[in-house]
Each structure stands twice: as structure tokens, then as C-alpha cells.
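Right, one structure below, let's go through it.
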Amino acid sequence: GKSGYNHYMLKEINEQPRALRQCLRGRVNELLRIVQVDEVINLETPNAVQFVACGTSYHAALYGAQFFRECGVMAQTFLASEYTAATVPMGEGTLVIGVTQSGETADTMRALREASAAGATTLAMTNVVGSSAARECDHAMYIRAGPEISVAATKTFGSQQVAAVLLATALIGVADQSLLAALRGLPDHVQTVLDSSRARDVAEAYLDADSYFFIGRGYNMPVALEAALKTKEITYKHAEGFAAGELKHGPLALVTEDTPVFALLTAGVNFEKTLSNVREVEARGGPVIAVTDSPKEVKGYADHVLEVPETHSTVAPIVANVQLQLVSYWIANRLGRPIDKPRNLAKSVTVE
Ligand code: F6R
């Protein structure tokens, strides 16, 4: 059941600390500074990685590929529906990772089968033990988020992001101590957001908007895309996510005082540049909602602040995303949408 929540989506958003703990359990050894993923113990370090996925899982894959690249491994991300092994250079030792919550998505299955036929080693990163992806791939790594009932994916997104970081670290053997400590702290940081979020008030303030924008750079870019997808699915309103730097290359023309812009402003190398993109929005009269761990630095630029605890810059976007899940939930709730079963959508998409 929904354990007292009005919707599975809200229940699952609130289950994230537990889901993340389960994903991490037994896999991180901070003392030895290593990550061990039992499922891939026999997998060699890949020369290159190709992620294939759809929807929310694609956004998690974008994040994961970025982390692999930071670890020094060539990594790309493909929409499964656009992937053709024939047109992608695939050398010796290429690992193709299908990120799929259900393990049943037809587009992702086709891409994995094609990659396998082309000689790649395949790995399913999935939530469902015994799913088609888990059975058909050479390897399967489980994200252990527990069952997700709501059509809109929430808790599985963060777990996929963490699983990708764990997988890369396990395969490469590089473990940054501060990153491992941040992963350990992640469930508590998400809990802090759940306990203190002002997302409901922010949703209330922008209920009338026809369109919502989300911007972020680096690891926050996939989170911006994910927040827009969630908003579209459950509020039925127009929403778009952009790499913050792209705003001035076109979409800024759409920004008026009626376009709330949610800016992911977590500390790190991308903070200052994202803040200057925020100034461009402010100059056009666009309302700015900052999701940030640095409230003092954004003062004067943001109309609303959604605060997140300070943590490692790679992990912070996972926490920031929770604030935006809540914003989309409360907008949809106030608009009376059928949140758990949005029109035209299915939890598992088994046609191409
Ligand atoms: C969005 C959503 C979909 C799925 C996509 C892939 O909230 O749920 O975009 O992420 O259909 O599904 P899986 O991960 O099961 O392959």
C-alpha cells in the first residue's frame, strides 16, 4: 500500500534514503578505499563504455558516463531508440551498459542485443532481479531500490546514479576518500531535504506558469533534464531542461517574467558560470529558483531558494534532484493530476 501517502510517487520519493542505503550496502570499503560490486567481480576494466537507456534512466546514464570519463574511461551515452551498433565505433573491450529500472524496455533490449551481436560485453544496470535485461546480458548489477509503482520514476533515478559511480569505481579501482565519505552521507543528506524542503511553497508560488525551465551544468545538467521530464509527465505543463550555458544560444528568447527558471547551483567548478547564466535570466525579469548548498552566494539573484546540505560536488546533484522531484509533485498535486498514472504513459514500455 501507500503507507499513508496520497500517492506512490510521494511514498517513493520519501523512500530514497532507504533505497540509497540498500544500493550502497556492502559495496563501499572506506578503510581500504575501494568499492566492491560482487556482480562484476569477474569483469575486466573496459577500454570504453557505451550507455544505452531511455527516459529517466537515460538521464542517470548521462550522469554515469560523465563520472566514467572523469575516471579516465572513454564513455558515451545513447538514447536506446537511436542506438545502432553498426554506426558506433566499437573496439576490443567495449562494455555496453543498459540502464533500465524495469529491465523490460523494448528500446533498451534491442540496443543491448545489437551491441552483443556486434561483439560487446553487455551489462544490465537494473532494479528487477530476473528481468529480461538481467537474464540476457553478460552481467547484471542491481540498484536495489525496491519496487517502484508510480509511473514517474523517482527513487530509482538516484539509485542508478549511485550505482554508476560504484560501478566505475569498482572497475577502475580509483576511490577518492572524500567521494566515498559523501556516498556514506548521501542517505542522511536526502533525509535532511525530505524533512525540511520548502518545495511545496515554491510550487504554490508558480502554479500559474505555462512553462518551467530547469538549468544546470556538469553533473547538474542531467538533473535539469530529469526535472523537466518529471514536470511534463505529472503536471501536463510544458517544461524544458537545458545545459545552463546553452540558454544564451537560443532559449533565452523565451524567458519572460512568466517563465520560472529553476537553477541547479551546487558548489563546484560550475557554480560561478551557472550563476552568470542566472543573472542573464534575472535581467529578462524571469523568476529564479535556486537549488543550492550556497544560499549566501545566491542571495540577490534568486527569488526563492531551495536549500540542500553541503557535500562532495559529484554527489550534490543527486541531493538537489530531490528538491525538484518534490516541486513537480506539489505542482501536480495542486493541479489535481492523476500523479501515479499520467495519461498516455505506462510503467514499462515494451514496444519500440
Ligand atoms: C520517467 C519514466 C520513463 C522511464 C523509461 C525507461 O519517469 O519512468 O522515462 O525512465 O521508460 O524505463 P526503464 O528504466 O524501465 O527502462
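The values are calculated or read from the model by the stated rules, or taken from the named source; none is laboratory data. Everything quoted here is computed from the prediction, not taken from an experiment. We place every Cβ from the backbone using ideal geometry, glycine too, and count neighbours over all the protein chains shown.
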Exercise for the section: Considering only the range 254-307, give the strands (runs of 3 or more DSSP E) lying wholly within it that have at least 2 residues that are modelled with pLDDT under 95 and more than 16 Å from M221 (Cα to Cα). Expected result: none
Handout entry: Test result for V278, closer than 27 Å to G55 by Cβ and either within 16 Å of the ligand (Cβ to nearest atom) or buried (at least 19 other Cβ atoms within 10 Å of the Cβ) (or both)
Key = no
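Out of D188, D195, I need the residue that is free of Cβ contacts under 8 Å to residues at least 12 places away in the same chain, more than 14 Å from the ligand (Cβ to nearest atom) and either surrounded by 20 or more Cβ atoms within 10 Å (Cβ to Cβ) or farther than 29 Å from S348 by Cα (or both). Which one?
Within the list D188, D195, the selection yields D195.
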Practice task
Only residues that are buried (at least 16 other Cβ atoms within 10 Å of the Cβ) and within 24 Å of Y142 (Cβ to Cβ): list them for the range 87-97, please.
Solution key: T94, L95, V96, I97
Handout entry: Any hit, the range 166-180, residues being surrounded by 24 or more Cβ atoms within 10 Å (Cβ to Cβ) and not in a helix (DSSP H, G or I)
Key = no
Completion exercise
Sole miss for V255 among (1) farther than 20 Å from A203 by Cα; (2) aliphatic (A, V, I, L, M); (3) surrounded by fewer than 24 Cβ atoms within 10 Å (Cβ to Cβ); (4) in contact (Cβ under 8 Å) with a residue 24 or more places away in the chain is condition (1)
Practice task
Evaluate the following for A203: is it more than 26 Å from G241 (Cβ to Cβ) and either at pLDDT 95 or above or not in a helix (DSSP H, G or I) (or both)?
Solution key: no
Practice task
Would you mind finding the one in V96, V88 that is of a type in the set (A, V, I, L, M), more than 14 Å from P46 (Cβ to Cβ) and away from the ligand (no atom under 14 Å from the Cβ)?
Solution key: V88
Problem - Failed item in (1) within 16 Å of the ligand (Cβ to nearest atom); (2) charged (D, E, K, R); (3) more than 21 Å from A60 (Cβ to Cβ), with D201 passing the rest - result: (1)
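Mind listing just one residue for me: the one in the range 127-149 that is over 30 Å from R337 (Cα atoms) and of a type in the set (A, V, I, L, M, F, W, C) and, of those, nearest to the ligand (Cβ to nearest atom)?
Here is the first cut: in the range 127-149, the residues over 30 Å from R337 (Cα atoms) are 129-142.
Applying the additional criterion that residues be of a type in the set (A, V, I, L, M, F, W, C) yields 129, 133-134, 137, 140-141.
Numbers: V129: 14, A133: 8, A134: 12, C137: 13, A140: 14, M141: 14 Å.
Looking at residues that are over 30 Å from R337 (Cα atoms) and of a type in the set (A, V, I, L, M, F, W, C), I get A133.
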Practice task
Inspect the range 150-160 for any residue being under 19 Å from the mean Cα position of the chain (by Cα), within 24 Å of G98 (Cα to Cα), part of a helix (DSSP H, G or I) and away from the ligand (no atom under 16 Å from the Cβ) and give the result as yes or no.
Solution key: no
Fill in the blank from the handout: Condition set more than 25 Å from N277 (Cβ to Cβ) and of a type in the set (S, T, N, Q), scope the range 295-352, selection surrounded by the most Cβ atoms within 10 Å (Cβ to Cβ): answer is N333
Completion exercise
Only one of A140, A133 is out of contact with any Phe, Trp or Tyr (no Cβ under 9 Å at 6 or more places or on another chain) and surrounded by 24 or more Cβ atoms within 10 Å (Cβ to Cβ), namely A133
Handout entry: Residues located in the range 81-107, provided they are in a helix (DSSP H, G or I), of a type in the set (D, E, K, R) and farther than 15 Å from T350 by Cα
Key = E82
Practice task
Identify the residue in the range 108-126 that is part of a helix (DSSP H, G or I) and within 14 Å of the ligand (Cβ to nearest atom) and, among all such residues, is surrounded by the most Cβ atoms within 10 Å (Cβ to Cβ).
Solution key: T108
Practice task
Give the range 114-127 a look and list any residue that's among the β-branched types (V, I, T) and either within 17 Å of Y58 (Cα to Cα) or more than 25 Å from the chain's Cα centre (by Cα) (or both), or say none.
Solution key: T122, T126
Practice task
Tell me, please, whether a residue that is more than 15 Å from the chain's Cα centre (by Cα), more than 16 Å from the ligand (Cβ to nearest atom) and either in contact (Cβ under 8 Å) with a residue 60 or more places away in the chain or in a loop (DSSP other than H, G, I, E, B) (or both) can be found in the range 72-80.
Solution key: yes
Exercise for the section: Return the only residue of T154, T84, T105, T100 being over 21 Å from G26 (Cβ atoms) and surrounded by fewer than 24 Cβ atoms within 10 Å (Cβ to Cβ). Expected result: T84
Problem - Conditions (1) touching a Cys at 6+ places or on another chain (Cβ under 8 Å); (2) more than 27 Å from G72 (Cβ to Cβ): number failed by G98 - result: (2)
Handout entry: Residue that is nearest to the ligand (Cβ to nearest atom) [pool: residues in the range 331-352 that are more than 25 Å from R200 (Cα to Cα) and among the β-branched types (V, I, T)]
Key = V349
